[in-house]
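This report refers to the structure that appears directly beneath it.
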Amino acid sequence: MTSEEEKLCVKILGDTIVYVANQVAEIDAEYREKLSKLDDILEWKIGDDITFYIIIKDGKVEGYNATGKTLNLAEALDPTLTFTIEDVDVGLQLLTGRLDLEKAEEVVENSDPEKTEELRFILEAVGKQAMENETIKVRMLISTMMRSIEEILKIDEEFQEEIEDHDGVIQWNIEDTKAWMKFENGEYSFRLDEEYPTSDTDVIITADAKTAIGLISGKIDGAVAYMSGDLQLEGNFGSVIGLQSIVDYVEDWLEPISDARDLL
């Protein structure tokens, strides 16, 4: 049976691929042109009970997690391409770019190899930008962290109790990347690619992309970065300490994809 951690990682990876695919479209004209010509639905069936869809239409990419849903979405959506992967670890390796589809032919059932070749450029572009473009990498990591908190809160009572101890708004300013997180009375909300709509933030975190990548991936100690001047904090330091405990909790849930995160 697929573990809750593995289900979470597949969900988060699907959401992250969709998010980065749209981000790449904003900066890569050739990719954007190719994307605009597609009208496809990709179905991923992983392990015993994981299913999610990537929908490509009108130059946009959307995702939908169908794990645990009773409705037969395959009939409703009529996917143009289906990947069936029995081994969850193989699925996680594919979604994180650690395994190429060509090398996984024996363990991945592919409904349409020709269509796969037509769409290969999407995963290649996402993987390339995620590894080489620091702005995309920052947005991907922040997206992963924020979405993971949201998903874990749905299924982990211990985490729900921990969140109740945190209140405040945290604004991230990482070069051109803006995002915010809000904890209030046990509730959590966030937005990517925008500043908090009022000045009522409890702490503002400012750093360059390299520092932010190190902080979020756990390779740089926040205290050291602050003392060196690479990290600027404005506001309530207690909120930052609380955020670190939340990030540590999330890291435990993302253990199945820790190898891929270590590559960043």
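The values are calculated or read from the model by the stated rules, or taken from the named source; none is laboratory data. Treat the numbers as computed from the prediction; the structure is a model and nothing was measured. Cβ coordinates were reconstructed from backbone atoms using ideal geometry, including for glycine residues, and neighbour counts include every protein chain displayed.
Considering LEU99, LEU119, LEU94, the condition of being crowded, with 16+ Cβ neighbours inside 10 Å, in contact (Cβ under 8 Å) with a residue 40 or more places away in the chain and not charged (D, E, K, R) is satisfied by LEU119 alone. For LYS154, the requirement of being within 18 Å of the chain's Cα centre (by Cα), surrounded by fewer than 13 Cβ atoms within 10 Å (Cβ to Cβ) and within 23 Å of TYR19 (Cα to Cα) is met. Report, by residue number, each residue of the stretch 205-217 that is surrounded by 18 or more Cβ atoms within 10 Å (Cβ to Cβ) and free of Cβ contacts under 8 Å to residues at least 40 places away in the same chain. Selection gives ILE205, ALA207, THR211, GLY214, LEU215. For the stretch 1-85, the helices (runs of 4 or more DSSP H) that sit wholly inside it and include 3 or more residues that are buried (at least 16 other Cβ atoms within 10 Å of the Cβ), at pLDDT 90 or above and in the same structural domain as PRO113 (by TED's automatic domain parsing) are 4-27, 29-36. Only one of the listed residues (VAL126, VAL107) is in the same structural domain as GLU30 (by TED's automatic domain parsing) and surrounded by fewer than 18 Cβ atoms within 10 Å (Cβ to Cβ). That residue is VAL107.
Scanning the stretch 186-201 for residues that are of a type in the set (S, T, N, Q) and within 17 Å of LEU243 (Cβ to Cβ) gives SER189, THR201.
Could you grab me the full set of residues in the stretch 176-220 that are assigned to a strand (DSSP E or B), more than 19 Å from the chain's Cα centre (by Cα) and over 22 Å from ILE163 (Cα atoms)?
Of everything in the stretch 176-220, those that are assigned to a strand (DSSP E or B), more than 19 Å from the chain's Cα centre (by Cα) and over 22 Å from ILE163 (Cα atoms) turn out to be THR206, ALA207.
Scanning the stretch 165-175 for any residue that is in the same structural domain as SER239 (by TED's automatic domain parsing), surrounded by fewer than 19 Cβ atoms within 10 Å (Cβ to Cβ), under 24 Å from ALA130 (Cβ atoms) and within 20 Å of the chain's Cα centre (by Cα) turns up at least one such residue.
Residue-wise test of (1) touching a strand residue (DSSP E or B) at 6+ places or on another chain (Cβ under 7 Å); (2) part of a helix (DSSP H, G or I); (3) modelled with pLDDT of 90 or more.
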{"position": "GLU118", "(1), (2), (3)": "no, yes, yes"}
{"position": "ALA125", "(1), (2), (3)": "no, yes, yes"}
{"position": "ALA130", "(1), (2), (3)": "no, yes, no"}
{"position": "ILE136", "(1), (2), (3)": "no, yes, yes"}
{"position": "LYS154", "(1), (2), (3)": "no, yes, yes"}
{"position": "GLU162", "(1), (2), (3)": "no, yes, no"}
{"position": "HIS166", "(1), (2), (3)": "yes, no, no"}
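The set of residues from the stretch 221-264 being modelled with pLDDT of 80 or more, surrounded by 12 or more Cβ atoms within 10 Å (Cβ to Cβ), part of a helix (DSSP H, G or I) and charged (D, E, K, R) comprises GLU251, GLU255.
Of all residues in the stretch 188-204, those that are touching a residue at least 12 places away in the same chain (Cβ under 8 Å), over 19 Å from LEU141 (Cβ atoms) and surrounded by fewer than 14 Cβ atoms within 10 Å (Cβ to Cβ) total 1.
All conditions but one from (1) of a type in the set (Asp, Glu); (2) more than 26 Å from ASP156 (Cα to Cα); (3) in contact (Cβ under 8 Å) with a residue 24 or more places away in the chain apply to ASP87; the one that does not is (2). Whenever a residue of the stretch 155-181 is within 11 Å of TYR196 (Cβ to Cβ), its partners that are among the small types (Gly, Ala, Ser) and at pLDDT 95 or above, lying with C-beta atoms within less than 6 angstrom and at least six residues away or across chains, give the pairs TRP172/ALA179.
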